[in-house]
Amino acid sequence: MKKREVHIVGNWKMNQTLVEISQFFIEMSKMKMELKCKAWIAPQAIHISILKEIAFTTGSIQIGAQNCCEHDSGAYTGEISPLGLADIGVEFVIIGHSERRTIYGEQNSLLNKKVLLALSHGLKVIYCVGETLEERESGQTFSIIENQLDLGLKNLPAEQAKNLMIAYEPVWAIGTGKTATAEQAEEVHAFIRSKLTTQAEQTIILYGGSVKPDNIDSLLAKENIDGALVGGASLKAQDFRALCSSASTAMM
Ligand code: PEP
């Protein structure tokens, strides 16, 4: 089934030097691809402005942030202001990535504040959910996801739902080389869609977890998978391009 819109979102995490960034874009521009899909990159916060400039000149790639604060301004040393992101024209922000949840102890209630504040500034939000291996093996996948959706998206204003995207990222598949099968992913994506109370059909639901050029096609063939959130494979221009090219083929 061909899709109306497919997103490939690169999460560069805490990677890429300036030299690597310029090589990435040189490689990308050599490839002259027909980019029908939405190609987004979230670099480290210190590189957002630089990437915005490069992306502006090379066209078509949109730049976002990997995280933001639950406050707009004030005495929060080291934090990233959602108001500041909107102010410099950032298009999107990832909230609730499993590394933020596990390494930095971010809970659903905190993530809810971040989601609501970012949306209030017109930023698109990619809200991440996903179960650990232990939770999957003990049959808790759906209850964990439901809880993350209920608490993280509490009080979401209906008129802002159009800017919300969900990323299903099973924790056991992130950076491990173990991808969920397309069937496992689709089952959870369909569940997530069934739980959304506004804009359920229109909401973009991305899959993330060891997505690579050789497994993207089977994932995108599924009805409820609207794109991918990609870590490792988004760092290499050739792989990122291959993912975008598969995504473009999956579109009408
Ligand atoms: C991620 O960090 O969101 C991710 C999915 O990483 P990887 O593609 O490397 O598993």
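The values are calculated or read from the model by the stated rules, or taken from the named source; none is laboratory data. For clarity, every value in this text was computed on a predicted model and none was experimentally measured. Note: ideal-geometry Cβ built from the backbone for every residue, glycine included; neighbour counts use all protein chains shown. Just the protein is used for accessible areas: all its heavy atoms, side chains included, with ligands, DNA and RNA removed. Shrake-Rupley method; radii C 1.70, N 1.55, O 1.52, S 1.80 Å.
Brief remarks on what is shown
- Selection status of Leu110, over 19 Å from Ile144 (Cα atoms), open to solvent by 20 Å² or more (accessible area, probe 1.4 Å) and modelled with pLDDT of 95 or more: no
- Enumeration of residues in the stretch 45-74 that are open to solvent by 30 Å² or more (accessible area, probe 1.4 Å) and part of a loop (DSSP other than H, G, I, E, B): Ser60, Gln66, Glu70, His71, Asp72, Ser73, Gly74
- Top-ranked residue of the stretch 89-141 - restricted to ones that are of a type in the set (Ser, Thr, Tyr) and part of a helix (DSSP H, G or I), ranked as farthest from the ligand (Cβ to nearest atom): Ser120
- For the stretch 178-189, filtered to residues that are exposed (fewer than 15 other Cβ atoms within 10 Å of the Cβ) and among the charged types (D, E, K, R), the residue that is farthest from Trp12 (Cα to Cα) is Glu183.
- Check on Thr77, surrounded by fewer than 17 Cβ atoms within 10 Å (Cβ to Cβ), polar (S, T, N, Q) and touching a residue at least 60 places away in the same chain (Cβ under 8 Å): no
- Residue that is surrounded by the fewest Cβ atoms within 10 Å (Cβ to Cβ), among those in the stretch 220-235 that are touching a residue at least 40 places away in the same chain (Cβ under 8 Å) and more than 10 Å from the ligand (Cβ to nearest atom): Glu223
- Those residues of the stretch 236-245 which are more than 14 Å from the ligand (Cβ to nearest atom) and open to solvent by less than 20 Å² (accessible area, probe 1.4 Å), in sequence order: Ala237, Cys244
- When we screen Ile192, Ile216, Ile205 for residues that are more than 15 Å from the ligand (Cβ to nearest atom), at pLDDT 95 or above and buried (at least 19 other Cβ atoms within 10 Å of the Cβ), the only hit is Ile192.
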